[in-house]
């Protein structure tokens with residue numbers, strides 16, 4: 001690593017700097033955190049005995065403009081950024097293009113501060129994006145790439161100025177699994193002794209959610225809006241909504257799916273619901289309305305053959321509370 005600075009030692013922000021080199025070791029991201037202290041790269045866990053590599057090339061005057069690029073290559077994930085930035089009175093500002101590549105989507109979720117569900121393991125992802133950071137706001141525009149071999153697009157906005165992170169997320173993909181997305185709200189890494197104390201492990205099994213306790217910190221520490229579009233939105237192995245749109249929000253009462261629309265079993269499907277923290281558990285409420293469905297489509301989805309025919313309508317409300325997802329389902333009334 002070669003670094004040079006020309007200027008008054010008492011005014012480092014006004015000095016002309018140049019950094020060019022690479023760092024190789026088990027935790028090369030430690031050096032990048034020194035350059036960009038607001039990046040959560042300490043969340044990247046490098047497997048014991050494996051080496052990573054950090055490549056950095058920067059030049060300019062910190063208080064005015066520094067241009068360059070940086071790439072972090074580790075076994076779990078590779079992250080790269082090229083652009084420009086400067087030190088402002090309210091923090092580091094930067095703009096440019098970024099890229100994230102991983103053979104395991106769990107690493108990306110961990111980087112964002114989530115507990116990665118097993119459904120994210122061994123799922124490859126490759127994303128590019130345009131990044132703009134000013135003061136406490138971060139905008140990710142033009143997110144594009146692939147996850148599990150399927151094309152995805154989206155945008156994201158984060159405001160870190162308040163006590164809670166304010167966000168706005170939008171995305172689209174050919175196929176989206178709602179249980180997999182909600183898997184980040186399950187305490188996958190909680191110790192078995194804690195699970196047994198809460199009664200979650202013995203609460204029964206579920207094909208959609210596991211017999212594990214909740215981890216609702218992500219929705220208790222943030223507020224914002226979510227908009228998703230999918231050709232197929234999976235609600236379970238036999239329930240797949242076609243041409244789906246989902247609008248949701250996170251607020252003081254938890255996660256609310258305000259509008260979920262699409263086509264299901266040949267009919268028009270509309271649903272809404274909420275997941276609200278309740279002590280160590282959560283309360284789930286949902287409303288479902290299906291009009292003009294076809295019994296043969298329903299039968300094929302459930303049994304694999306059309307054992308019945310004819311139209312049908314369906315509408316119901318459910319509500320339950322528990323310490324784990326199956327516990328919530330068992331408590332439906």
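What follows is calculated from the coordinates using simple rules that are stated; it is not laboratory data. As the structure is a computational prediction, the values presented were derived from the model and not from experiment. Cβ sites come from the backbone with ideal geometry, for glycine too, and all protein chains shown count toward neighbours.
The alpha carbon centroids of region 145-166 and region 274-333 are separated by 29 Å. A simple spin-label model places the labels of residue 84 and residue 238 6.0 nm from each other, with each point 7 Å out along Cα-to-Cβ. When each of 246, 169 is scored by the number of other beta-carbon atoms lying within 10 Å, the sequence from fewest to most is 169, 246. Label separation (residue 11 vs residue 296): 8.2 nm, computed from points 7 Å beyond Cα along the C-beta direction. If you plug the beta carbon distance of residue 22 and residue 135 into 1/(1 + (r/R0)^6) with R0 = 41 Å, you get a FRET efficiency near 0.85.
If I stretch the segment between residue 155 and residue 69 completely, what's the gain in nm (0.36 nm per residue apart, minus their alpha carbon distance), one decimal?
28.7 nm
The relative contact order of region 236-333 comes to 20 percent, based on Cα pairs under 8 Å that sit 6 or more residues apart.
Projected onto its three principal axes, the C-alpha set of region 101-189 covers 35, 29, 21 Å, listed from the longest axis down. Give the separation of the Cα centroids, region 1-21 to region 94-141, in Å. When both Cα centres are located, 30 Å separates them.
Taking a point 7 Å from the Cα of residue 309 along the Cα-to-Cβ direction, the residues of region 269-301 with backbone N closer than 12 Å to it are 295-297. For region 233-333, the mean projected area of the C-alpha convex hull, equal to one quarter of the hull surface, is 6.8 nm².
The fewest-to-most ranking of 79, 100 by surrounding Cβ atoms within 10 Å reads 100, 79.
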